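Each remark here refers to the structure printed beneath this line.
The values are calculated or read from the model by the stated rules, or taken from the named source; none is laboratory data. Predicted model only: the values in this text are computed from it and were never measured. Cβ atoms come from the backbone with ideal geometry, glycine included; neighbour counts cover every protein chain shown.
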Amino acid sequence: MSAVKPRIHEAPDDLLAAIDWCYEQGWTDGLPVVPPAVERVKAMLAAETRPAETVIAHHPATGLDLSLHAAAANAVMAGCLPEYFPVIVAAFEAMDRTEFNFHGSTASTGGSAPLIIVSGPLADEIGMNSDVNLFGPGNRANGTIGRAVRLILRNVFQMLPGISDKSTQGNPGKYSFCIAERARGNPWPLLCEAQGYAKGTSSVTVFAGGGFANVENHGGNKPEEILISVADTMANYGCITLGQSVVILAPEHMKIVADAGWSREKVQDFLFATARRSVEGMKGAGKYRDREYDAQHGEGASALAVAGFMHRGLRPDDILVTMGGGDAGGHSCFIPSWSRGRSSIMQHNAIAATPAGAKQ
């Protein structure tokens, strides 16, 4: 199915009445939206060089397509500025890849929300927050980019709560789930660099994430102590699956890790080896599944699997680790994947460091 042809709607001239009218059309996430006036949609589209009718994502189950025009209209409704638009476009182009499991991650009872992680110079250029209150409210770019993703899923792809979105309990990230990777004081190569993009290029990584889990450790002063806390959170019986993981280390925790000379790869290896449960324990918790056991214990099985353990993910690079948050406080976080099944749910896409229309 091709993208729906744009239409111009006649809405009330009064702003408050127009907001109420948008509610009546079913275009909101429950919060008021900015009425998508033609001029604002055109300004959003000016941040892209391709024609407005260009399709950037396809939903396999509904057969619906996302055009740049539809994305722009929803970005306006979410409250985005035009300079944010390339992030939204890159996010959906990443989600459009088969490995992301677009339908499963948007319709499942698991309640996932697309976590958007922006890495590279663009994050600072458009004023994203990578610092204090990283996952919280207060930043326009973070809040509205994440909200635009949700409005597009609802309004374009018709992933409606209780109808096509069958999430059992939902997830507050379904309103907005968007952060920037912190570059200031980050001792590791940024994600965009680790992903192989050229210097000056930014990346947008999309992860179908479950609920946010705070990892508090104010007493640890060795990498192992900090990371054991993280791994234990990753391997609780409610979370442990074959799925991938996102770990955002607070700067206070990162300093302990980096000062000891630990690289991202060493942290991934440690977390992978430590975030584990015994097969017997999995059976006792009712979490054992033959297909998950077979996936971990087949050809190329890890030493952990051979020793009778099941671990989170299939390999160390299934764990995305980076830094974010304010300088003070021993609070890192773990975000599990949505699915107990296996899919490659961390997808990334490159964007120019300075998109058309962005502030210099």
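Observations, loosely collected:
- Counting only residues that are assigned to a helix (DSSP H, G or I) and small (G, A, S), region 1-50 holds 3 of them.
- All told, E252 falls short of being of a type in the set (D, E), surrounded by fewer than 16 Cβ atoms within 10 Å (Cβ to Cβ) and either in contact (Cβ under 8 Å) with a residue 40 or more places away in the chain or part of a loop (DSSP other than H, G, I, E, B) (or both).
- Only a single criterion out of (1) surrounded by fewer than 16 Cβ atoms within 10 Å (Cβ to Cβ); (2) in contact with an Asp or Glu (Cβ under 8 Å, 6 or more places away or on another chain) is not satisfied by H58, namely (1).
- Any hit, region 69-80, residues being under 22 Å from I126 (Cβ atoms), in contact with a helix residue (DSSP H, G or I) (Cβ under 9 Å, 6 or more places away or on another chain) and either in a loop (DSSP other than H, G, I, E, B) or outside the structural domain of G138 (by TED's automatic domain parsing) (or both): yes
- Within region 131-141, at least one residue is in contact with a Gly (Cβ under 9 Å, 6 or more places away or on another chain), polar (S, T, N, Q) and either closer than 15 Å to Q347 by Cα or free of Cβ contacts under 8 Å to residues at least 24 places away in the same chain (or both).
- Within region 166-194, residues that are loosely packed, with under 15 Cβ neighbours inside 10 Å reach partners that are not in a helix (DSSP H, G or I) with beta carbons closer than 6 Å, at six or more positions or on different chains, in the pairs K166/T109; T168/T109; Q169/G111; G170/G111.
- Restricting the search to strands (runs of 3 or more DSSP E) fully inside region 259-339 and requiring at least 3 residues that are farther than 19 Å from T205 by Cα gives 276-278, 309-311.
Residue by residue, here is whether (1) under 22 Å from A75 (Cβ atoms); (2) assigned by TED's automatic domain parsing to the domain that holds D259; (3) assigned to a helix (DSSP H, G or I) holds:
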| site | (1), (2), (3) |
| --- | --- |
| T144 | yes, no, yes |
| R150 | yes, no, yes |
| F157 | yes, no, no |
| A183 | no, no, no |
| E193 | no, no, yes |
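- Residue in region 51-68 that is out of contact with any His (no Cβ under 7 Å at 6 or more places or on another chain), assigned by TED's automatic domain parsing to the domain that holds S112 and assigned to a helix (DSSP H, G or I) present: yes
- Residue match in region 273-295 (condition: hydrophobic (A, V, I, L, M, F, W, C) and under 24 Å from the mean Cα position of the chain (by Cα)): yes
- Residue in region 62-82 that is modelled with pLDDT under 95 and not aliphatic (A, V, I, L, M) present: yes
- Here D13 passes the criteria (1) under 29 Å from A180 (Cβ atoms); (2) free of Cβ contacts under 8 Å to residues at least 40 places away in the same chain; (3) surrounded by fewer than 21 Cβ atoms within 10 Å (Cβ to Cβ) except the one numbered (1).
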